[in-house]
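What follows is a set of notes on a single structure, which appears directly below.
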Amino acid sequence: MRLSPGELQRLAAKAIRGAGASWGTAEEAGMAVRWLETRGHPGARALADLLHDWPGEALTAETGHISSPAGRLCPLAAGMAISDHADLPGWDQIHLTGVVQPLLLRPFLEIAGYAETSPGKHFTRRSRGAPTPAPMEHPDIDETVIACLDTLAQETYVPASAASRLAGAGAGLSDND
């Protein structure tokens, strides 16, 4: 199924919000999925898989080291910590422990200017702005992945009620057009 990058970003953000994540994490998830998918990586599938067994947002960030107290580190929470700490002293190298769905970290690492030095665990700062693949306009996403994300996104919707319809939501109690 083809979605515009904006549609994909909004769906990803709603899905993780529906799973219970904070608004900030939801916005960052949308950005990460859009960044990945428009560069040919399965970001939507990685998010769906992450949300199937979501480790939560808890983490510990000490100079150059990011981990989770539970041993399973959310890549989105880690990515936000990387974004927040990248320019601070002592963060030229980072070590990550227990990252679940590490593909979702890639946009944060690329944007902050880190290069992988040990598969999925160690990263070193390089100069920012290194070339990344040019974005595609309409990534093709597997329909089962879209359905999974949409199911979670529906958790953000407020159910209709007679009171909300009388207050002006929807067509009211009579839809005669």
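For region 15-41, filtering for residues that are under 22 Å from Asp53 (Cβ atoms) and not in a helix (DSSP H, G or I) leaves 5. Criterion applied to Gly120, Gly98, Gly90 was being free of Cβ contacts under 8 Å to residues at least 40 places away in the same chain and farther than 13 Å from Pro75 by Cβ, and the one residue passing it is Gly90. Close Cβ contacts (under 8 Å, 6 or more residues apart or on different chains) running from residues in region 126-139 that are of a type in the set (Ser, Thr, Tyr) to residues that are modelled with pLDDT of 70 or more comprise Ser127/Gly113; Thr132/Arg39; Thr132/Glu110.
Residue check: Leu76 meets all listed conditions (1) out of contact with any Ser or Thr (no Cβ under 7 Å at 6 or more places or on another chain); (2) open to solvent by less than 20 Å² (accessible area, probe 1.4 Å); (3) at pLDDT 95 or above; (4) within 27 Å of Tyr157 (Cα to Cα) but one, namely (1). Taking interchain pairs and intrachain pairs at least six residues apart, which have beta carbon atoms under 9 angstrom, with the first residue in region 53-69 and on the phi < 0 side of the Ramachandran plot and the second acidic (Asp, Glu) and exposed (fewer than 14 other Cβ atoms within 10 Å of the Cβ)? Listed by first residue and then by second, the contacts come to Ala61/Asp84. The set of residues in region 109-124 being in contact with a strand residue (DSSP E or B) (Cβ under 7 Å, 6 or more places away or on another chain), on the phi < 0 side of the Ramachandran plot and not acidic (Asp, Glu) consists of Leu109, Tyr114, Ala115, Thr117, Lys121, His122, Phe123, Thr124.
The values are calculated or read from the model by the stated rules, or taken from the named source; none is laboratory data. Every value quoted in this text rests on a predicted model; they were computed, and no experiment measured them. Note that we place each Cβ from the backbone using ideal geometry, even for glycine, and neighbour counts take in every protein chain shown. Heads up: the accessible areas ignore ligands, DNA and RNA and are worked out on the full protein's heavy atoms, side chains in. Shrake-Rupley method; radii C 1.70, N 1.55, O 1.52, S 1.80 Å.
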